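Below you'll find the structure, written out as structure tokens, and then a few comments.
Read-outs: derived from the displayed coordinates by stated rules, not from any lab. Being a predicted model, the structure only gives us computed values, none of them experimental. Methodologically, a virtual Cβ is constructed for each residue, glycine included, from the backbone with ideal geometry; neighbour enumeration extends over all protein chains shown.
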Amino acid sequence: MEKMQELEQKLHQALLKNREPEFANMNLQYKNTSLESANIDLISAKTELESLKDKLESKLSKLSDELLYLRRVIFGRSSERFIKEDPNQLKLDFQGQVQLEEERSYLEGVAKKDGVNKSKPAQPVKNHPVRKPLPEHPERKEEIIEPKDLPGGSRHIGQEITEKLEYIPGELYVRRIIRNKYALKEGAGVVIGELP
């Protein structure tokens, strides 16, 4: 009986040995398909990462260029040289020391119209400062102020005009204050409205 069992075991082992290549082959095919799908997944992940890397490199390059430009503008030798001049921007006149070419040509034209000869000696400069008139192009808003307690029979003899440059955010205008003057009866004096 022992021999019989030994023979059955040997037969069983022989059958298993015959089937091992089939199982091994099936196992290898399964592993091969799973490895191929994993390889496809890795390739797609690799292409996504490469495109993301390219985008990040281009963004980094752009940001570093902007940073260099801003550092040059802010910390450069003269930050104003990077600001383009606006031709419509009004210029400051530093007490007649700086004149634009247009201003010079305008003044020469006015002098020719008035018949002013340049060979005439210049008028003496006043010692006290005198404010130049405000330019004509800003809008003007007028306020007319009448004197309080004006006696009857007074007659209008003139006006005192004061111009102030006013600023409301986003708007620049000239506030023109007109104060009427009146002469009192029989030369008793002059009455004028008070400045606000």
(request) State the Cα centre-to-centre distance between the range 33-73 and the range 127-185 in whole Å. (result) 69 Å
(message) Would the range 122-195 count as rounded, prolate or oblate if I go by the C-alpha gyration tensor, calling it rounded below 1.5 in a/c and otherwise prolate when a/b exceeds b/c, oblate otherwise?
(response) oblate
(message) Cβ neighbours within 10 Å, averaged per peptide: list 2-8, 68-74 in order, most packed at the top.
(response) 68-74, 2-8
(request) Convert each backbone phi in the range 141-154 into a coupling constant with the Karplus relation 6.51 cos²θ - 1.76 cosθ + 1.60 (shift: θ = phi - 60°), then list the ³J(HN,Hα) values in order as whole Hz, x for Gly and Pro. (result) 10, 9, 10, 9, 10, 9, x, 7, 6, 7, x, x, x, 6
